[in-house]
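To keep things clear, I will list the structure first and then write my remarks on it.
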Amino acid sequence: MDLQKAINELYEEKERIDGVIASLEQYLHRNSGTVIPKRRRGRKSMGPEERQEVSARMRSYWASRRGDSES
């Protein structure tokens, strides 16, 4: 078997498969009607109430670590 001929046939098959994938993706996006949400990265932001709760909890934690009986 001619190696160059085999390579050319594989490239042609790859182009055909890429075309099929592209058409299926278009069909999927056209008919779904929904947009896939992107995931957010990083930390969640805290509201003021949640920040106060964490602050009080950490004050109590560090006081117990020091051996204080403040809070």
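The values are calculated or read from the model by the stated rules, or taken from the named source; none is laboratory data. A quick note: this is a predicted structure, and the numbers were derived from the prediction, not measured. When we count neighbours, we look across all protein chains shown, and the Cβ atoms used for this are built from the backbone with ideal geometry, even at glycine.
Yes/no per residue for (1) of a type in the set (G, A, S); (2) surrounded by 10 or more Cβ atoms within 10 Å (Cβ to Cβ); (3) touching a Cys at 6+ places or on another chain (Cβ under 8 Å); (4) at pLDDT below 90:
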| position | (1), (2), (3), (4) |
| --- | --- |
| E13 | no, yes, no, no |
| Q26 | no, yes, no, yes |
| G33 | yes, no, no, yes |
| I36 | no, no, no, yes |
| R39 | no, no, no, yes |
| G42 | yes, no, no, yes |
| M46 | no, yes, no, yes |
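For the range 34-51, the criterion of being hydroxyl-bearing (S, T, Y) and part of a helix (DSSP H, G or I) is satisfied by no residue at all. Within the group A56, A22, which residue is at pLDDT below 95, surrounded by 10 or more Cβ atoms within 10 Å (Cβ to Cβ) and either in a helix (DSSP H, G or I) or under 27 Å from the mean Cα position of the chain (by Cα) (or both)? None of the other options fit; the residue is A22. When the range 62-71 is filtered for residues that are surrounded by 11 or more Cβ atoms within 10 Å (Cβ to Cβ) and modelled with pLDDT of 85 or more, the ones remaining, listed by number, are W62, A63, S64.
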